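Worksheet: one structure, shown below.
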Amino acid sequence: MSEKMDWKKELKSLYFPPANPTTVEVPPMNYLMLDGHGDPNQSPRYQAVVEALFSLAYTLKFAIKKAEGLDYAVLPPEGLWWVEDMGEFSVERKEDWDWTMMIAQPSPVTAEWVETARQEALKKKGLALLAEARFEMYAEGRCAQLMHTGPYAAEAPNIARLHAYIQAQGGRTEGLKHHEIYLSDVRKTAPEKLKTVIRQPYRNG
């Protein structure tokens, strides 16, 4: 019987915050990452990026399970969203956004495993973007976050609540990227039931 890792239990504080803003210390974590620009609702690249990341993530999962007897659930997709001047960041101007989509990886995943899985996925799927995917550590440190329930288009009030909370803590967000974690499968979940972690790193003072 293979060992089973359950990120929903081990990383509960990072992926299942309350509905009200709270502070969390996010440790450095490894991710599969791909970049893009513009409104994700209008960008063909966005859908291709998500497909490539999941293809690589699942190829990794099954390769490691077969070789080492270690099983784990693939973590949810996450997105970093920003503009050059974060003071101008607006959910109303998605066409200006730069973004990085990513999927966190458990500790057994190494750069060597990623390259092996990349070659296997390229042979099976032939997705050109697999060649661009990178395996990289991302460290956020102190963050404020909350759980948003509902359509993505209705996030603005909760984003405002999160930033007000940070300001009340004496925090600053300049230069730090807006972060979202998508816990629900948009293909199977009604918009009003979508669960999204909204996270914002901040510095004190």
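The values are calculated or read from the model by the stated rules, or taken from the named source; none is laboratory data. These numbers were taken from a predicted model, which means no experiment stands behind them. A quick note on method: Cβ atoms are made from the backbone with ideal geometry, for glycine too, and the neighbour counts reach across all protein chains shown.
Identification of strands (runs of 3 or more DSSP E) wholly contained in the range 1-72 with 2 or more residues that are modelled with pLDDT under 90 and out of contact with any helix residue (DSSP H, G or I) (no Cβ under 7 Å at 6 or more places or on another chain) yields 3-5.
Conditions (1) under 21 Å from Lys9 (Cβ atoms); (2) assigned by TED's automatic domain parsing to the domain that holds Cys143; (3) not aliphatic (A, V, I, L, M), marked per residue:
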site: Ala48; (1), (2), (3): no, no, no
site: Thr59; (1), (2), (3): no, no, yes
site: Leu70; (1), (2), (3): yes, no, no
site: Asp98; (1), (2), (3): no, no, yes
site: Met102; (1), (2), (3): no, no, no
site: Ser107; (1), (2), (3): yes, no, yes
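Scanning the range 168-188 for residues that are hydroxyl-bearing (Ser, Thr, Tyr) and over 14 Å from Thr23 (Cβ atoms) yields a count of 2.
Considering only residues of the range 75-101 that are of a type in the set (A, V, I, L, M) and either assigned to a loop (DSSP other than H, G, I, E, B) or within 19 Å of Asn158 (Cβ to Cβ) (or both), which is modelled with the lowest pLDDT? Walk me through how you get there before you give the answer.
If we filter the range 75-101 for residues that are of a type in the set (A, V, I, L, M), which is where we start, we get 75, 80, 83, 86, 91, 101.
From what is left, the residues that are either assigned to a loop (DSSP other than H, G, I, E, B) or within 19 Å of Asn158 (Cβ to Cβ) (or both) are 75, 80, 83, 86, 91.
Details: Leu75: 95, Leu80: 96, Val83: 85, Met86: 71, Val91: 75.
So, considering only residues that are of a type in the set (A, V, I, L, M) and either assigned to a loop (DSSP other than H, G, I, E, B) or within 19 Å of Asn158 (Cβ to Cβ) (or both), the one modelled with the lowest pLDDT is Met86.
Evaluated against (1) assigned by TED's automatic domain parsing to the domain that holds Asn20; (2) farther than 15 Å from Leu80 by Cα; (3) modelled with pLDDT under 95; (4) surrounded by fewer than 16 Cβ atoms within 10 Å (Cβ to Cβ), Lys193 falls short on exactly one condition, (3). Can you tell me which condition Met86 does not meet? The list is (1) in contact with an Asp or Glu (Cβ under 9 Å, 6 or more places away or on another chain); (2) without any contact (Cβ under 8 Å) to a residue 24 or more places away in the chain, and all the others hold. For Met86, the exception is condition (2). Applying the set (1) in contact with a Leu (Cβ under 8 Å, 6 or more places away or on another chain); (2) of a type in the set (A, V, I, L, M); (3) buried (at least 18 other Cβ atoms within 10 Å of the Cβ) to Leu122 leaves exactly one unmet item: (3).
Return the only residue of Ala144, Ala128, Ala190 being farther than 24 Å from Tyr72 by Cβ, of a type in the set (Gly, Ala, Ser) and touching a Ser or Thr at 6+ places or on another chain (Cβ under 8 Å). That would be Ala144, the only listed residue that is farther than 24 Å from Tyr72 by Cβ, of a type in the set (Gly, Ala, Ser) and touching a Ser or Thr at 6+ places or on another chain (Cβ under 8 Å). Within the range 103-148, which residues are assigned to a loop (DSSP other than H, G, I, E, B), of a type in the set (S, T, N, Q) and under 13 Å from Ala63 (Cβ atoms)? Within the range 103-148, Thr110 is the sole residue that qualifies. Taking the range 75-117, which residues are over 22 Å from Gly175 (Cα atoms), out of contact with any strand residue (DSSP E or B) (no Cβ under 7 Å at 6 or more places or on another chain) and surrounded by fewer than 21 Cβ atoms within 10 Å (Cβ to Cβ)? Across the range 75-117, the qualifying residues are Ser107, Thr110, Glu112, Trp113, Glu115, Thr116.
Yes/no matrix, rows are residues, columns are (1) over 20 Å from Asp35 (Cα atoms); (2) in a loop (DSSP other than H, G, I, E, B); (3) of a type in the set (Asp, Glu):
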{"residue": "Pro157", "(1), (2), (3)": "yes, no, no"}
{"residue": "His163", "(1), (2), (3)": "yes, no, no"}
{"residue": "Ile166", "(1), (2), (3)": "yes, no, no"}
{"residue": "Ile181", "(1), (2), (3)": "no, no, no"}
{"residue": "Arg187", "(1), (2), (3)": "yes, yes, no"}
{"residue": "Gln200", "(1), (2), (3)": "no, no, no"}
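Taken over the range 168-179, residues that are among the aliphatic types (A, V, I, L, M) and either in contact with a Leu (Cβ under 8 Å, 6 or more places away or on another chain) or assigned to a helix (DSSP H, G or I) (or both) amount to 1.
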